[in-house]
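Structure record follows, encoded as structure tokens.
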Amino acid sequence: MSSRFAVSDRGVRVPLGLAEAVDVQFDGERVWSFNPQRERVGLTLGWVRWPVVLRPFLDGVVEVGLVCHTSGETVFQEQVGFGTGTDPIRLVDEDGHQMAVDKAGHLQRMFSRTDQAMTQAVLDSVERVLHDLREECGLEAFLAFGCLLGAVRDGHLIGHDSDADVSYLSRHTHPFDIILENKQAAATMRSLGWRITRMSAADFKIWTRPGGGRKVGIDVFAAFNVDERFYLMPSVTGTLDRSALLPVSEVTLEGRPFVAPARPLDLLEATYGPSWRVPDPSFSFAPSRATLRRLNGWMRNNRKHLRHWSDFYRSAPSERVPTTPSSLATWVADRLEPRQHILDVAAGNGRDSVYFAEQGHRVTALDGSTAARRLTRRLALQHGVKVRTKEVNLNDLFSTLTSGARFAHLDRPPQIYARFLLDAIEDDARDNFFRWAQMIQRRGGETFLEFRTWQGTLRAKAFPFHFRSLLRPSQVVAEIERYGGTVVHRQEGVGLASFENENPRVCRLVVRWT
């Protein structure tokens, strides 16, 4: 049977018609599970493509095993070389703990790799979160998703799960009121000392280190009814009646009582389907296009590509990005007056931010990725310079406008620097960036831009999995002029941003907004 299976850079080949979930192991550790019958996009002539989040790690050698999840049969076991590397592949986090791809397609440390003391500490945090949501925020909160599934199925956390999930049933039925309620709850939880990351307009993640151990996320998802339709963030919808959730009941998880929906089985079937009782590490949500369009429009148009960049800047391939200044940074530095305030937008690992600080400038490095901002601070510390890091999310108009308003009121207009930003964001985010720059530099300053042209994007080789927009310089110039900007310098060509075996055609622009 093993001859019908194969593993390569292309992906995993399985027999056509195989319906059983397959666990993929690296050196005996499960790193990913998939069901070929669900891989409609990833399955081509029996080949299932590697998840995007795994691809940056596939450069080296590792013992690969394929195990049929239900039967436990090992159908493939070989040492496989990926890419051109010869070093062992290690899929671990920054603390050296084994990671795997979770149901959302993210690399995480699973509960199966967590000891009992840590498990109880995680549940302590879940208990506190539920208490604060119910008592301090006034929300009807309860266990949901994996935590509820584990409690009902066998009373234990699911081994192939990686975080904790709670939900609450909104008292509102209009998206605006649901959003406001969630925002107020996040603010209240933050005031209580919780570290919060907004994941959308109707869910947020609470970060905690239970017992001082590993970082664990507790997701807080809004459930609500709109037009007699039930929704549970991030992608569940159905005809579930409110009486299935309230008044709350109780379940036992790891020997501890937790608040649960009124009819847990009804919520689990709405969430996972009728086969929810059967363990399936390959499970992934597959909402309809209509559901995605509706929920994206209401709640989460502001998170595009953010997780990709966060995963990238936590991965080994990000170490290939140089820490020395780019040619654009040195070119810009020659044009600047001394002691400027520079806003480095999409600063990445901070290479250019640190260089500008070394030239005596005041630098604020802006990036939507927490991991990128962490790398910037680390590099600045290594070089003995000061660089402020700030979050800005150009997908989110609120974040764009509030950030722009703060910088617009500085005593002296700052200089704006954005290298390889425009071709890494979508049209609406690019519009927000131009709006942001125009706000900040009404009284002066220049915006320095460099982006891959459409030819340069098509030839991308170094990091081919990054999102790229196909931009023509004339298109970008027209967009700038529409927002009141004037291009005072324009340069196009190759040789301006070469890296490894890639020499893209790029465009440099200098813009004034006064």
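The values are calculated or read from the model by the stated rules, or taken from the named source; none is laboratory data. Quantities reported herein were computed from a predicted structural model and do not represent experimental measurements. No Cβ is skipped: glycine too gets one built from the backbone with ideal geometry, and neighbour counts run over all protein chains shown.
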Among the residues of the stretch 72-107, count how many are among the small types (Gly, Ala, Ser) and touching a residue at least 60 places away in the same chain (Cβ under 8 Å).
4
Would you call residue 219 of a type in the set (Asp, Glu), touching an Asp or Glu at 6+ places or on another chain (Cβ under 9 Å) and assigned by TED's automatic domain parsing to the domain that holds residue 257?
yes
Qualifying residue in the stretch 277-287 (condition: among the small types (Gly, Ala, Ser), more than 22 Å from the chain's Cα centre (by Cα) and either assigned by TED's automatic domain parsing to the domain that holds residue 138 or crowded, with 18+ Cβ neighbours inside 10 Å (or both))
no
Residues of the stretch 239-248 being touching a helix residue (DSSP H, G or I) at 6+ places or on another chain (Cβ under 7 Å) and not in a loop (DSSP other than H, G, I, E, B), which ones?
244
Can you pull out the residues in the stretch 356-367 that are out of contact with any His (no Cβ under 8 Å at 6 or more places or on another chain) and surrounded by fewer than 24 Cβ atoms within 10 Å (Cβ to Cβ)?
359, 360
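This table checks each residue for (1) of a type in the set (Gly, Ala, Ser); (2) touching a Phe, Trp or Tyr at 6+ places or on another chain (Cβ under 8 Å).
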{"residue": "164", "(1), (2)": "yes, no"}
{"residue": "176", "(1), (2)": "no, no"}
{"residue": "203", "(1), (2)": "no, yes"}
{"residue": "209", "(1), (2)": "no, no"}
{"residue": "228", "(1), (2)": "no, no"}
Please find, among 410, 421, 449, 471, the residue that is in contact with a helix residue (DSSP H, G or I) (Cβ under 6 Å, 6 or more places away or on another chain) and aliphatic (A, V, I, L, M).
471
Residue check for residue 67: touching a Phe, Trp or Tyr at 6+ places or on another chain (Cβ under 7 Å), among the β-branched types (Val, Ile, Thr) and modelled with pLDDT of 90 or more:
no
Looking across the stretch 375-411 at residues that are closer than 22 Å to residue 340 by Cα and of a type in the set (D, E, K, R), the single one that is modelled with the lowest pLDDT is 391
Here is a check on your reading of the model: is residue 111 modelled with pLDDT under 90 and closer than 20 Å to residue 161 by Cα?
yes
Just give me the residues in the stretch 406-451 being of a type in the set (D, E, K, R), within 18 Å of residue 364 (Cβ to Cβ) and part of a helix (DSSP H, G or I), in sequence order.
406
Do you know which of the residues in the stretch 387-410 that are touching a strand residue (DSSP E or B) at 6+ places or on another chain (Cβ under 6 Å) and crowded, with 20+ Cβ neighbours inside 10 Å is farthest from residue 439 (Cα to Cα)?
387
Of all the residues that make up the stretch 96-122, how many are touching a Leu at 6+ places or on another chain (Cβ under 7 Å), assigned to a helix (DSSP H, G or I) and not β-branched (Val, Ile, Thr)?
1
Set 237, 188, 208: member being within 28 Å of residue 398 (Cα to Cα), under 20 Å from the mean Cα position of the chain (by Cα) and either surrounded by 18 or more Cβ atoms within 10 Å (Cβ to Cβ) or of a type outside the set (D, E, K, R) (or both)
208
Got a number for residues in the stretch 54-71 being touching a strand residue (DSSP E or B) at 6+ places or on another chain (Cβ under 9 Å) and without any contact (Cβ under 8 Å) to a residue 60 or more places away in the chain?
10
Any chance the stretch 395-415 includes a residue that's of a type in the set (Lys, Arg) and under 17 Å from residue 486 (Cβ atoms)?
no
Under the condition of being surrounded by fewer than 16 Cβ atoms within 10 Å (Cβ to Cβ) and among the polar types (S, T, N, Q), which residue from the stretch 324-350 is nearest to residue 497 (Cα to Cα)?
327
Could you list, in sequence order, the residues of the stretch 164-178 that are out of contact with any helix residue (DSSP H, G or I) (no Cβ under 7 Å at 6 or more places or on another chain) and either touching a residue at least 60 places away in the same chain (Cβ under 8 Å) or among the aliphatic types (A, V, I, L, M) (or both)?
167, 178
